[in-house]
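Working notes for the structure below.
The values are calculated or read from the model by the stated rules, or taken from the named source; none is laboratory data. The shown structure was predicted, so the numbers you read here are calculated from the model rather than taken from an experiment. Methodologically, a virtual Cβ is constructed for each residue, glycine included, from the backbone with ideal geometry; neighbour enumeration extends over all protein chains shown. In case anyone asks, the SASA skips ligands and DNA or RNA and just uses the protein heavy atoms, side chains included. Shrake-Rupley method; radii C 1.70, N 1.55, O 1.52, S 1.80 Å.
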Amino acid sequence: MGKDPLALLGTAFSCSCGKTHRIRTKRILVGKGVIAHMPKVLRELGFCGKALVLFDDATYEAAGKAVCDLLSRNGFAVIPGLLQKQERFPFLEPDEEARSQVGEFLFHRPDFLVAVGSGVINDLTKFIAHRTGLPYAAVATAPSMDGYVSPGAPMLVGGYKVTYDATPPVALFADIEILCAAPLSLIQAGFADLVGKITANADWTIRRVLFGEDFCDVLWEHTASFLRALSAHAEGIQQRDEQAITVLTQALIQSGLGMEMIGDSRPASGGEHLIAHHLEMMALHRGIHPSFHGLRVGAATCIVWNLFQRFLTEELPQGGRLKSTVDQETLKVHFGPLFPFIEKPAQKKLNILWPEIDFSTLKQAVEEKIALLNPLRLLRRAGIPTSFEALGFPPTMVREACLFARFLRDRVTLLDLLDHLGVLQEFLNAALSE
Ligand SMILES: [Zn+2]
Ligand SMILES: [Zn+2]
């Protein structure tokens, strides 16, 4: 690979990293008015018959109504699928209730699915499409996250976020006119989700250097270039500048394609995402407004970036701590009813076999990622909150999340390395008091 991933849709190709990557999504249309091409493009891709179009109240107004009209005027039968949120949550969540709503619509025997929405509606559709084997197309209504063409679908199961394997959409329609009209906080959330790629790739680099995990340098080059392009348009985000929204949308799609190429979320999700996920679960559990995924990721990125800065400048002892600061009992108390979900990754985390660390090699590799852009400055330029307090999370909850989030997945991040070196609490105290 050397070419733009957008030029490699629907193909498998060998990359100079030694791996073969594949992209299952066949068509991606980004631009003003692209929605009008939907019937023709769907037909070219072999879609026909009955479409189950999934939306909620807001996305029906944004694009759902137009999509239903367009499809029915052009020879498709349309089953309108209005999804309703649960009263106890501020948003529609990808939970048991939402999945059963989609299940009801499936009784109409659709030939394909259309997701009209952003994060949750796309995740639900992707999950159901994968389970039923039905093809699906996505219509983006907000540039709010990078999961449109990614291979995973995060679902809430018993109050816990589990990411399931899923098949990405065959086609994605990202109409800039619709995306420019999205709520500003969703646009900012998309920007902030991308800022998290800096620390996500630094975490991935830690695993590459210490544990020999596969890493794709070509993909990193693409990530760095879309982040630079995004930085050049940061001020335009608040003005909903058409060019800025286009660059943001393209960057979100590229980030999603990166996950699809690697086969999981490694290029897009590190410690910052773990903290954001953990706070979301805690918020839903305690009845606190969870804010948006991307905004949580942005605030968490500022904390993790701060930890990385300190890690890079501080002389650190090789030895590591003698005894773990956390044991199974502490985890049981902290996670409560969610403990069974994290038991497996937590076991792995408690038993990591750390190699001898060559700090100069590790720091050099990590710095290349961390020095790309300053996330705090980037977020500020786009008018986005840089702290969890500004998003309404109490400081004690944030501290707890930073300490325990690393047990949610078995993926090693800086949070684990700092704990291994015996400095996590100390570094966090400083980072959180700034
Ligand atoms: Zn994300
Ligand atoms: Zn590669």
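About its Cα centre, the dipole of the stretch 174-312 is roughly 500 debye, where the only charges are +1 on Lys and Arg Cβ and -1 on Asp and Glu Cβ. Taking 23 Å as the cut-off for C-alpha to C-alpha distance, list the pairs among 19/369; 126/348; 85/126; 40/65; 85/161; 26/197 that go past it. Flagged as over cut-off: 126/348; 26/197.
Once both labels are positioned 7 Å from their Cα atoms along Cα-to-Cβ, the gap between residue 315 and residue 40 label points is 6.8 nm.
Counting every C-alpha pair in the stretch 248-306, the share spaced more than 13 angstrom apart comes to 65%. Once you reduce the stretch 364-407 and the stretch 255-330 to the center of their Cα atoms, the two points are 9 Å from each other. In the stretch 5-181, the portion of solvent-accessible area held by carbon and sulfur atoms comes to 52 percent [1.4 Å probe, whole percent, DNA, RNA and ligands not counted].
Of the peptides 259-267, 91-99, 387-395, the order by per-residue mean of other Cβ atoms within 10 Å, starting with the highest, comes out as 259-267, 91-99, 387-395. In this rough spin-label picture, where each label sits 7 Å from Cα along the Cβ direction, the residue 347-residue 221 distance is 4.2 nm. For the pair residue 111 and residue 432, a Förster radius of 60 Å applied to the C-beta separation gives a FRET efficiency near 0.70, rounded to the nearest 0.05.
Determine the equivalent ellipsoid of the stretch 9-86 by diagonalising the alpha-carbon gyration tensor, then write out the semi-axes as square roots of 5 times the eigenvalues, largest first, rounded to whole Å. Walk me through the intermediate numbers first.
Values: eigenvalues 179, 55, 32 Å².
Output for the stretch 9-86: semi-axes of 30, 17, 13 Å.
I'd like to compare 327-338, 421-432: which one has the highest average count of other Cβ atoms within 10 Å, and what's the full order after that? Present the calculation step by step, with values, prior to reporting the outcome.
Numbers: 327-338: 13.7, 421-432: 17.1.
Put in order of decreasing packing, that is 421-432, 327-338.
Extension gain, residue 361-residue 85: 0.36 nm per intervening residue step, less the Cα-Cα distance, totals 94.4 nm.
Of the DSSP beta bridges with both residues in the stretch 5-181, give the percent that are antiparallel, rounding to the nearest 5. Close to 30 percent. Take each peptide in 227-233, 55-61, count the other Cβ atoms within 10 Å of every residue, and average; sorted highest first, the result is 55-61, 227-233.
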